[in-house]
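Below: the structure, in structure tokens.
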Amino acid sequence: MAKSFKTLKERMSPQARARAEQKAERLIAEMPLNELRAARKMTQEKLAEELNVKQAAVSKLERRADMYVSTLREYIEAMGGELEITARFPEGSVRINQFEETESGAVSAAKK
């Protein structure tokens, strides 16, 4: 007879439970765009409508491994989010603000 997850979890050591919870949190915090969209209960069709593109364009974008930061920002904002880019170093993290939108709607440009 199959055992319930609750029963199996109760039999795990506290250390094993902690490791499993950390891994689950990491998996939830990291997901591809299509899973993020689905988790937000948004269809490709609805997102395409928000972005003023066809559904096929959203599908293609979700399969890409490389894209412009501005494209990613628009995708995230269409779902109601805000894109933040952070660089992590051994001595700490730094939020990169070069790609943020200004009040006028233009993307901040690097000074020449």
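Derivation of every value follows stated rules applied to the coordinates shown; laboratory data play no part. Keep in mind the model is a prediction, meaning the values are calculated, not measured. Quick reminder, even Gly has a Cβ in these numbers, built from the backbone with ideal geometry, and neighbours come from all protein chains shown.
For the reader, a short list of remarks on this structure follows.
- Label-point gap, in nm, between Leu72 and Lys60 - each point 7 angstrom along Cα→Cβ: 2.0
- Here the dipole of the chain is about 760 debye; that uses its Cα centre as origin and unit charges on the Cβ of Lys and Arg (positive) and Asp and Glu (negative).
- Shape analysis of the chain places it in the oblate category; the axes a ≥ b ≥ c from the Cα gyration tensor give an a/c of at least 1.5, with a/b not above b/c.
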